1. What length, rounded to one decimal in nm, is gained on full extension from residue 225 through to residue 181, with 0.36 nm per residue of separation minus their alpha-carbon distance?
2. Per-residue counts of other Cβ atoms within 10 Å, averaged by peptide: what ranking do you get for 150-159, 130-139, 109-118, highest first?
3. About its Cα centre, what dipole magnitude does the stretch 1-158 give when the only charges are +1 on Lys and Arg Cβ and -1 on Asp and Glu Cβ, stated in debye to the nearest 20?
4. Between residue 97 and residue 4, 0.36 nm times their residue separation minus their Cα-Cα distance comes to what?
5. Taking θ as phi - 60°, what are the ³J(HN,Hα) couplings along the stretch 173-188 by the Karplus curve (6.51, -1.76, 1.60), each to the nearest whole Hz, with x for Gly and Pro?
6. Using +1 at the Cβ of each Lys and Arg and -1 at the Cβ of each Asp and Glu in the stretch 37-166, identify which of 73, 139, 123 lies farthest towards the dipole's positive end.
7. If each DSSP helix of 4+ residues adds -39,500 (n - 2.57) and the sum is divided by the residues in the chain, what number results at 222 nm, nearest 500 deg cm²/dmol?
8. 7 Å from Cα along Cα→Cβ at both residue 42 and residue 145: what's the point-to-point distance in nm?
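The values are calculated or read from the model by the stated rules, or taken from the named source; none is laboratory data. Nothing here was measured: the structure is a model prediction, and the numbers come from that model. Here Cβ is always computed from backbone atoms with ideal geometry, including for glycine, and neighbour counts include all displayed protein chains. Accessible surface areas use protein heavy atoms only, side chains included; no ligands, DNA or RNA. Shrake-Rupley method; radii C 1.70, N 1.55, O 1.52, S 1.80 Å.
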Amino acid sequence: VKTFESDGTGLSSDIAIGIRWAANNGAHVVNMSFGSSLYSQVIHDAIVYAKGKGCMLVASSGNEGTSLSYPGSDSEVLTVGSVNSSNNRSSFSNYGSELDVMAPGESVIAASHSNDSSYILASGTSVSAAQISGIAVYSILWHSSASVNERINYFKDSAKKVTGMGGLDKTDYYGFGIANYDYLQTRAGNYQYSIVGQSAYPTIQINYSNRLTLSVKNIGKSTWRVNNVNLGTSREHDRIPAFLRECK
């Protein structure tokens, strides 16, 4: 959805129209790799409207090395800052209490704006936000019944903590940490089940093996996938490779 002029500038009213158009035409994720030093009520209203339509809105934090730009400072969006290859915050990455997660944003291979067939090394929180927008599309598949706010919280809950956070769960400079693709699939979400049936109730003894079939139903909001959801017991020492079996 194009809302900016060729020189990279755009009106808040045009951006708001673009956000609403996306929401009305089936968009599930809206990437907002732009920012302003000024709050915009018309953009905020469009964000709230789109979110009400089921859109997850992702915003870049800004590249001035100061407080969050807008719409990154809007509490309704998932705001993304930049880290370098050492997982340290990029010096240009804006910060603040509404910063949610971080993603790579220095010398990232990206499509060139000059033509349709070449690539460049790009830096900036716009690059970081675009990566998270891509992962957000997958998060809809993984957590298909979750609300927008729940999926945003899954990003926060699964974020990887780094040294720069000083042992804290959240900071103004790193948010909740670096977005973690694997944890977002497997450790964040709403996993619940009910037992449908069991083939036998054997007594398990040392040096003997037993085979049983257990049927369970997914009653949570997250999707089960082979190799990501496994059978175990409630006791930590039982969750070992010799016991675990993948779901079919």
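1. On the way: separation 44, 0.36 × 44 = 15.84 nm, distance 1.50 nm.
Computed gain between residue 225 and residue 181 is 14.3 nm.
2. Values: 150-159: 20.7, 130-139: 19.2, 109-118: 9.6.
Result, highest mean Cβ count within 10 Å first: 150-159, 130-139, 109-118.
3. Details: 7 positive and 13 negative charges, 61 e Å.
Charge dipole, the stretch 1-158, about its Cα centre: 300 debye, nearest 20.
4. Working: separation 93, 0.36 × 93 = 33.48 nm, distance 2.79 nm.
Stretched out fully, the residue 97 to residue 4 stretch lengthens by 30.7 nm.
5. 9, 10, x, 8, x, 8, 3, 10, 4, 5, 5, 4, 6, 10, 10, 10
6. Going by the charge dipole, the pick is 139.
7. Values: 5 runs with 60 residues, N = 248.
Result for the chain, helices only: -7500 deg cm²/dmol.
8. Once both label points are built, they end up 4.1 nm from each other.
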